[in-house]
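Shown next, in C-alpha cells, is the structure this report addresses.
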Amino acid sequence: MENLQHTTLGEFIIENQKQFKYSSGELSRLINSIRLAAKIVNHEVNKAGLVDILGEAGETNIQGEDQQKLDVYANDVFKSALINREIVCGIASEEEDDFVTIEGKENSHSNKYVVLIDPLDGSSNIDVNVSVGTIFSIYRRVTPEGTPVRIEDFLQKGNEQVAAGYIVYGTSTMLVYTTGHGVNGFTLNPAIGTFYLSHPNMEFPDTGKIYSINEGNYVHFPQGVKDYLKYCQEEKDDRPYTSRYIGSLVSDFHRNMIKGGIYLYPTSSKSPQGKLRLLYECNPIAFLAEQANGKATDGYVRIMDLKPTELHQRVPIFCGSPTMVEKAEAFMAKYPEDKNY
Ligand code: AHG
Ligand code: MN
Ligand code: MN
C-alpha cells in the first residue's frame, strides 16, 4: 500500500509558502503549474520509444540546432501550462527566438513573475533512451506591473532568481528545486502521479571523485582547463578521479550533487563562448548549486554575478563540489587572458 506518511510536493509547496519574501501564493501556484507540466512531459518522454515521435521536427531553433519533436512538445506544454493559468507575465525559452508576453485577463499584465526555461535538456539523448531534463528559472519582473514585460525583465543577474529547479526524466522522474532555502528533491510515483519528498536538503559533498566534461574537445580547450584535466588524471593522493559524462546537463549535475563531483563546459576554439546558455541553463544550475553547498563559476567569476546581455547568451560553466571548483579556478587563474571570452 502507498506509504501515506510521506510529504507530497503539493503539501510541501503549501507548507513552505510563508518562507517567500512576498507571499501572495502566486509563486506557489506557479510551481504547481510546473509540477503539472512536468507530469505531462514525463508521460510523453516515457512513450518516446513506443510511438512515432522520434526524430527531428524539421525545424531549427534560433541557435541553428536541430529541434527534436519532444523539444517542441515540451516547450508547448510548459508554455500552455503557464499561459492558460495566467500565472506569469512573460516566458523566455531556449526554443523561442524572442520572449513571450502574456497579457492576462483584460490585458492586465498583472502577474509578477517571469519564467525562463530549457524545456528539454539533453534532447540528443532521447533516441537512445538516456535521461533528459527540463530546467526552469523564475524572477520577479523589474518593470511596473500592469504593463507588458520588457527585455530587462529577462536579462536579470542570476542573483535575482526567486526560484529555480529541474526535472530529470530518468530511471525515476524527479523534480528538484529551490526557492533560496536549500534544495529539495521529489520523486514521482508514476502509478498515482504524485511527487513525494525523497531527497530533503540536498547538498554537494565538499569534494568528490567525479569530473564531467566532453573530453573529445580537449585539443580546443584553454590551457587552464587542459592543466586541470591533467591534474584530475594524475596518480596522487585521492586521484586519478573518475570521468562520467552523460551529455545531459541535468543528469550530470544531479549525479554530481549526490555523489560529489565537478561539471565543466568551458570555452573552446570551437565554442568560444562555451555552449550552455546563461539564462536557461547556467543561472538556474548555479542557483541550485549554491543552495546545495556547491559553487558555479565561469572559471573566474561567479555565474550569478554575470550581467546578461542577450536572451540566448552562452557562457562557460564550472560547477559542483566547492573544493573541486576552487581547484579548477586556481588552474584558470594562471591564464588571466582567457577570462575575456
Ligand atoms: P539541449 O539539449 O537543451 O540543447 O542541451 C544540451 C546541452 C547539455 O544538456 C549537455 O550537457 C550539453 O549540451 C552536451 O554538449 P556536448 O554534446 O557538446 O558535450
Ligand atoms: Mn539544455
Ligand atoms: Mn533544450
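The values are calculated or read from the model by the stated rules, or taken from the named source; none is laboratory data. Predicted, not measured: the structure shown is a model, and the values here were computed from it. Heads up, the Cβs are rebuilt from the backbone with ideal geometry, glycines too, and the neighbour counts pull from every protein chain shown. Heads up: the accessible areas ignore ligands, DNA and RNA and are worked out on the full protein's heavy atoms, side chains in. Shrake-Rupley method; radii C 1.70, N 1.55, O 1.52, S 1.80 Å.
Would you please give the FRET efficiency between Ala330 and Ser124, computed as 1/(1 + (r/R0)^6) with r the Cβ-Cβ distance and R0 = 30 Å, to the nearest 0.05?
Result of the calculation: an efficiency of 0.35.
For region 210-335, the spherically averaged projection of the C-alpha convex hull amounts to 7.2 nm².
Pairs of Cα atoms nearer than 8 Å and 6+ residues apart set the relative contact order; for the chain it is 15 percent.
Measuring nothing but how far apart in sequence close Cα pairs (under 8 Å, 6+ apart) lie, relative to its length, region 240-341 scores a relative contact order of 32 percent.
Charge dipole of the chain (Cα centre as origin; +1 on each Lys and Arg Cβ, -1 on each Asp and Glu Cβ, all else neutral): 740 debye, rounded to the nearest 20. Spin-label model, Gln273/Lys259: points 7 Å from Cα along the beta carbon direction are separated by 3.2 nm. A DSSP coil position with no more than 12 other Cβ atoms inside 10 Å describes none of the trypsin sites (Lys or Arg not before Pro) in region 192-232.
For His181 and Asn46 in the same chain, what is the full-extension length gain: residue separation times 0.36 nm, less their Cα-Cα distance, in nm?
Gain in length upon complete extension: 45.5 nm.
DSSP beta bridges confined to the chain are antiparallel in about 80 percent of cases. Put a plus charge on the Cβ of each Lys and Arg, a minus charge on the Cβ of each Asp and Glu, and nothing anywhere else: the dipole of region 4-199 about its Cα centre is then about 1020 debye.
For the chain, modelled as a Gaussian network with Cα springs under 10 Å, which listed residue fluctuates most, Asp118, Asp237, Asp71? Residue with maximal mean-square fluctuation among Asp118, Asp237, Asp71: Asp237.
Here the chain is treated as a Stokes sphere of Kirkwood radius computed over C-alpha pairs; at 25 °C and 0.890 mPa s its diffusion coefficient rounds to 120 µm²/s. Run the paramagnetic zone check for Ile83: 7 angstrom along Cα to Cβ, then residues of region 116-148 with backbone nitrogen under 18 Å. Answer for region 116-148: 116-120, 148. Spin-label model, Glu11/Glu160: points 7 Å from Cα along the beta carbon direction are separated by 3.7 nm.
Under the criterion of Cα pairs below 8 Å and six or more residues apart, the relative contact order for region 4-199 equals 17 percent.
The 3J(HN,Hα) values that the Karplus relation (6.51, -1.76, 1.60; θ = phi - 60°) gives for region 190-200 are, in residue order, x, 5, 10, x, 10, 8, 10, 5, 10, 10, x Hz. Gly and Pro appear as x. For region 210-335, the number of Lys pairs separated by eight or more positions or lying on different chains, with C-alpha atoms closer than 23 Å, is 25. Distance between the modelled labels on Gln19 and Asp97, one decimal in nanometres: 4.1 nm (7 Å Cα→Cβ projection). Taking all protein chains together and a 1.4 Å probe, the residues Arg141, Arg85 rank Arg85, Arg141 from largest to smallest accessible area.
Relative to the current alpha-carbon distance between Ile192 and Leu4, full extension at 0.36 nm per residue lengthens the span by 66.4 nm.
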